[in-house]
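Asks: Dropping a structure here in C-alpha cells format, bear with me for questions.
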Amino acid sequence: MNFNYRQLHNKLLENESTSIITPPRHIGWIGLFLLLIFSASLALAATPAAPPSHSDALLPPSSSQALSGPGGALLKEGLTHYQRGAFQKAIESWNQGIVLFNKQQTPQGLGESLIRIAEAYQRLGHLEQAIDHYRRGMEVIQASGSPAQTALVMSALGDAYLGAGLQDAARKTQEKALEIARTTQNPTILAVVLNNHGNLLAAIKENGSARKAYKESIALSRKRGNTPLLTKGLINAARTAATDGDSGEAGNKLTEAGILLNQSPDSHQKASQLITIGRLLGELRAEGGAPWLAIRGQAILDEALRVSKHFNDKRLLSLAWGNMGRLYELEGQIEEAQILTRRALFAAQEASLAESLYLWQWQSGRLARARGKPNAAIAHYRRAVETIQAIRHDLTVGFSGFGGSFRNEAGPVFFELADLLLKQSSIISEPQQKQQLLQEARAAVEQLKAAELEDYFQDDCVAAARSKVTGLEGIGQDTAIYYPILLKERTEILLGLNDGIRQYTIPVGRAELTREIRQFRRRLEQRTSRRYLRHAQALYEWLIKPLSDTLTEEGITTLVVVPDGPLRTVPFAALHDGKAFLLERFAMATTPGLTLTDPKPIRREASSVLLNGLTEAVHGFPPLPFVEGELKEIQELYGAKTLQNKTFKVDSVGNELNETPYNIVHIASHAQFRSKVEDTFLLAYDGRLSMDHLDQFMGLGHYRDRPVELLTLSACQTAAGDDRAALGLAGVAIKAGARSALATLWFINDQASSQLVTEFYHQLQDPNISKAQALRQAQQIIIQDKRYQHPGYWSPFLLIGNWL
C-alpha cells in the first residue's frame, strides 16, 4: 500500500496518542482513529527525552540493550531514527539487522526487528507491509513461548487490520489477543490490550462495550501506577462518553488526563495528547457545555503549542494552531481565530501536509463567511475542495475503514461551497455568470456523490463509469434533469433544461424535509392505509409545484431525478398534487449522479436475456411462487436462457455471463441492500450473490466495453430511513457495469411484482418508447387493477441510470 490516507493522517497526528474524540466539524473520524491506530499499545518504559515508542509496548524495554554486537547496534540505530520520525531510515537499519540475526540464528533480534519494521511501516501508512511483518514477527515470538509478547503483537496486528479496513479480521485478532492477555497474570499487559480492544470497539461504534474495556484498563493502570497508560485510557474513555452525550463524565476524565500530562516530561506524545484534549473540550463547549470548558481548552492548547515549539514540529504546530483557531471560532472570536488559522495553514504548507491543509482551508472559508466576505470564503472553499480531491481516494478508503463515511466527514466542505455559490447565483442577474455559478455548485455536489459511491462499494467502479459519460443535458427536448441540493436552512432545486439550469429556492431545511420524507416512506409501505397521501402532497408542494409551470411550458414528459440523502429512499412517482400522482404526468428515472449515467438507447434487436429466479424457500427466505410464471412469460417474449432454483447458483450465473454476451440480466429473487456493502446481496439457491460477484461477473470483465443494457432485480429491499442502503441500490448499475437497472426500494407482493415486471418487458418491446416510458406504462396498467392501486405496490420500482 503506497502513499495514502493512513500516511497522511499519521503525519497529521504524529501518532503518539491513542486518544480519540468526538469529531469537530473540521476533523473527521479518520484523524481521530488514527490517533489510536499507530500507537495503540502503550510504552511500558521510555526515556524522558523521547516519546514512548510503539515498539516499546510490544517488546521488553531491555531487549535492544540485551542484544550486543552489530545486530544490537543496528537495532539501537533504528530506534534513534524512529524516535526522530525518520521511519524509512529506521526500516533500513532494521532490515540490515535482520540479515545479521538470520546469520547468527538469533530469534530475539529477528523477532524484534520484524516487529519494529512493522510499526515503522504502520507509521508510514504502508499497512500491507506492516501486516506482513507483524505476522512474521509474531511467528518468531510465538515460537519463543512468550504469551505476554504474543498478546501485545497480536493486538498491534489487530490495529493494523483495522487501519486497512479489515474490521472482521481486526475484531477476531483483538479478541484473541485479549483472551491470551487474561492468561498472562500481567496487569500492565492486560491494560494495554484492553485499551486497544476498546479502540476497536469504538471504531465499530460499540461504545457501551468500549467504555467497559476502557474502564477496566483505567482501573488496572491506576492500580499499577502506570501514568502514561492511565492518561491514554482516560482520554479514550472521555471520547466515548462525549459520543454518548455524557459530557460530565467526559469533562472529568479530560481534566484528570490534563493534570497528568502537565506533570509529565515534554514529548511529541504529550503535545499530541494535549491537542486531543483541547479539541474535545472545545467541542463539549460547542455542544452547550459550561464556559470553563473553552477556558481550559485554550490553556491546554497553549501548553501544546509550547511543547510543539520546543520540538519545532511543524505537524504538531499546525494542529495546535488550527485547533486553537477552532476554539476561538466556536467562541465567536473571529479575528483571533483567523490569525491562528493562518499560522496553521503556513505550517501545513511548509510541511506539505495535505491532510491538515484542507482542514485549515475549510476553517478559513468558514471564518471569511462569518466576516461577511462571501467571495473570499468561496476562494478558500475551492482550495479546500481541490486539496481533498487530490487525496480523495485515500480519504474515502480511510473513512470507511473506521466505520465513518466520506459524506459525513468531508461532505460538509462540498455542501458549504455549494451553499455559498447558490447564494451568489441568486443575487446575480448576468446570465452567463449565473450559469457558471450554478454549474460549479452542482459540480461540487457531484464530486461528493462520486466519492460516496466509491466509499460505499469500496472500489473505483465510479471512475470507470465516469470515463464513459458525456453528461445528461441536451439528451432530449422533452427531458428535464431534476437536481435537489438539501441544505441546512433551505432546499435548492436545479432544473436542467436544454437552454441551461434554472434555480428554485425552497424555504424548507434539510431536517424538516427529512422528517416528512421518513413519514412518507413508512406510510407508503402500509398498503392498507391512505395516510401516505398527506405527506405525498406536502412533498409535492415543496419539491415539484414551484417548477410545475416550467415543466409544462417546456413540454417535459420525462423527469430524471438525481436524488440526495433521504430523497434516495422514496419514489418521486408517488408524489401527489391533490388530483393525481406524479407518475401520471411524467415518465420517471433516477440516477446517482449526473456524471454517472451513460444515456444511450437500449439495443432491442436480437436481445440476449439471462433469467434467474427462485420460487422455493431457501436460506430462511420465503418462497416466491409467482416468479415461475414471471420467468416463463419473459422467456416466451425474448427466448431467454433460464436458471431457476437448483440451477440458479452463484457459479452458474458467473459461467453464463462469462460465456455469453447477454444484454439483459433478470434476477427474480430476494435482494437486500444495507448500509455496508458486505451486508448487501442477492439470494441465489446456494447462497448469497454479493456485489463483488456482480462486479466480477458483469462489471470488470469484457462487458466494460459492451455493458449489460439492463439489470432487473425484482424483489429488492432497503430499510426505511437507511440512506446508505438506498445509495447502494442507486449505484447497483454502476457497480455491476450495467447501463441501467430496474429495482425496488422495498419488497412488495410477489404477485404484484411479477405482474408489473412482466408488463414492463412487454412494453419494452416497443422500439418507439424509452425504458422510463415502458416502466411508466406498466405502472399505469397495474394501477388499474383495484388490488394494486395503492402506491405501495407500484411506486417502489425505480429505473436507475440510463432511461432511454
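Asks: Just check region 117-214 against the gyration tensor rule for me: Cα atoms, a ≥ b ≥ c as the square roots of the eigenvalues, rounded for a/c under 1.5, and otherwise prolate or oblate depending on whether a/b exceeds b/c.
Replies: Numbers: a/c = 2.08, a/b = 1.08, b/c = 1.93.
Note, shape of region 117-214 comes out oblate.
Asks: Using a probe radius of 1.4 Å on heavy atoms only, what accessible surface per residue do you get for region 602-743? Whole Å² is fine.
Replies: It amounts to 37 Å² per residue over region 602-743.
Asks: Residues of region 106-220: accessible area per residue at 1.4 Å, in Å²?
Replies: Numbers: 4010 Å² over 115 residues.
Roughly 35 Å² per residue, with all protein chains present.
Asks: In addition: Report the antiparallel proportion of the DSSP beta bridges in the chain as a percent, rounded to a multiple of 5.
Replies: Taking every DSSP beta bridge with both residues in the chain, the antiparallel ones total about 45 percent.
Asks: Once you sort the root eigenvalues of the Cα gyration tensor of region 594-712 as a ≥ b ≥ c, which label holds: rounded (a/c under 1.5), prolate (a/b larger than b/c) or oblate (the other case)? Write down the numbers at each step before the final one.
Replies: On the way: a/c = 1.72, a/b = 1.18, b/c = 1.45.
It comes out oblate by the Cα gyration axes.
Asks: Here's something else I'd like to know. State the extension gain, in nm to one decimal, for the chain segment bounded by R530 and D168, taking 0.36 nm per residue of separation less the distance between their alpha-carbons.
Replies: Values: separation 362, 0.36 × 362 = 130.32 nm, distance 4.38 nm.
Working it through step by step, the gained length comes to 125.9 nm.
Asks: Apply the Karplus parameterisation 6.51 cos²θ - 1.76 cosθ + 1.60, with θ equal to phi minus 60°, to every residue of region 209-221 and state each ³J(HN,Hα) to the nearest whole Hz, in sequence, with x for glycine and proline.
Replies: 5, 4, 5, 5, 5, 5, 4, 5, 4, 4, 4, 5, 5
Asks: While we're here: Relative to the Cα centre, what is the charge dipole magnitude of region 553-679, using +1 at the beta carbon of each Lys and Arg, -1 at the beta carbon of each Asp and Glu, and rounding to the nearest 20 debye? The partial results should precede the final answer.
Replies: Values: 12 positive and 17 negative charges, 22 e Å.
Here the size comes out at about 100 debye.
Asks: Moving on. Do the alpha carbons of any pairs in K172/K449; K172/K676; K172/K270; K176/K314; K232/K309; K76/K232 sit beyond 28 Å of each other, and which pairs?
Replies: On the way: K172/K449 33 Å; K172/K676 19 Å; K172/K270 31 Å; K176/K314 39 Å; K232/K309 23 Å; K76/K232 26 Å.
Among K172/K449; K172/K676; K172/K270; K176/K314; K232/K309; K76/K232, the Cα-Cα distance tops 28 Å for K172/K449; K172/K270; K176/K314.
Asks: Tell me the angle of helix 406-426 to the major Cα principal axis of the chain, expressed in degrees between 0 and 90 and rounded to the nearest ten.
Replies: Result, in degrees: 60.
Asks: If you count only protein heavy atoms with a 1.4 Å probe, what accessible area per residue comes out for region 296-388, rounded to a whole Å²?
Replies: Numbers: 3640 Å² over 93 residues.
On a per-residue basis, region 296-388 sits at 39 Å².
Asks: For region 101-250, give the percent of accessible area contributed by carbon and sulfur heavy atoms, probe 1.4 Å, rounded to a whole number. Don't skip to the answer; put the middle values down first.
Replies: Details: 2740 of 5630 Å².
Carbon with sulfur: 49 percent of the solvent-accessible area.
Asks: Run lengths n ≥ 4 of DSSP H only: what is the helix-derived mean residue ellipticity at 222 nm for the chain, with -39500 (n - 2.57) per run over all residues, to the nearest 500?
Replies: Calculated at 222 nm, the ellipticity per residue is -19000 deg cm²/dmol.
Asks: For region 557-567, just list the computed ³J(HN,Hα) in residue order, Karplus coefficients 6.51, -1.76 and 1.60, θ = phi - 60°, integers in Hz, with x standing in for Gly and Pro.
Replies: Residue by residue, region 557-567 yields 10, 10, 10, 9, 9, 10, x, 9, x, x, 5 Hz.
Asks: Straight-line reach from K771: which aspartates and glutamates have Cα under 13 Å away, leaving out those fewer than 8 places along the same chain?
Replies: Result set, ordered by chain and number: E709, E759.
Asks: Also, I was wondering about something else. Report the FRET efficiency, 1/(1 + (r/R0)^6), for E256 and K176, where r is their Cβ-Cβ distance and R0 is 25 Å, rounded to 0.05.
Replies: Working: r = 32 Å, r/R0 = 1.27.
Once the sixth-power term is evaluated, E becomes 0.20.
Asks: Using Cα positions and a limit of under 20 Å, work out the aspartates and glutamates in reach of K649, with same-chain residues fewer than 8 apart set aside.
Replies: Within reach: E616, E628, E630, E659, E678, D679, D686, D692, D695.
Asks: Given R₀ = 60 Å, what would the calculated FRET efficiency be for K309 paired with K545, taking r from the Cβ atoms and rounding to 0.05? Please list the in-between numbers first.
Replies: Details: r = 60 Å, r/R0 = 0.99.
Step by step, r from the Cβ atoms, then E = 0.50.
Asks: I'd like the carbon and sulfur percentage of the solvent accessible area for region 516-610, probe radius 1.4 Å, heavy atoms only, ligands and nucleic acids excluded.
Replies: On the way: 1640 of 3620 Å².
C and S fraction of accessible area: 45 percent.
Asks: Testing the spin-label approximation: label points 7 Å from Cα along Cα→Cβ at A511 and Q789. State their distance in nm.
Replies: Distance between the two pseudo-spin positions: 4.0 nm.
Asks: Give the carbon-plus-sulfur fraction of the accessible surface of region 293-374 in %, rounded to a whole number; probe 1.4 Å, heavy atoms of protein chains only.
Replies: Working: 1530 of 3180 Å².
Within region 293-374, the accessible surface is 48 percent carbon and sulfur.
The values are calculated or read from the model by the stated rules, or taken from the named source; none is laboratory data. Treat the numbers as computed from the prediction; the structure is a model and nothing was measured. Don't worry about glycine lacking a Cβ; one is built from the backbone with ideal geometry, like all the others, and counts go over all protein chains shown. All accessible areas refer to the heavy atoms of the entire protein, side chains included, with ligands and DNA or RNA removed. Shrake-Rupley method; radii C 1.70, N 1.55, O 1.52, S 1.80 Å.
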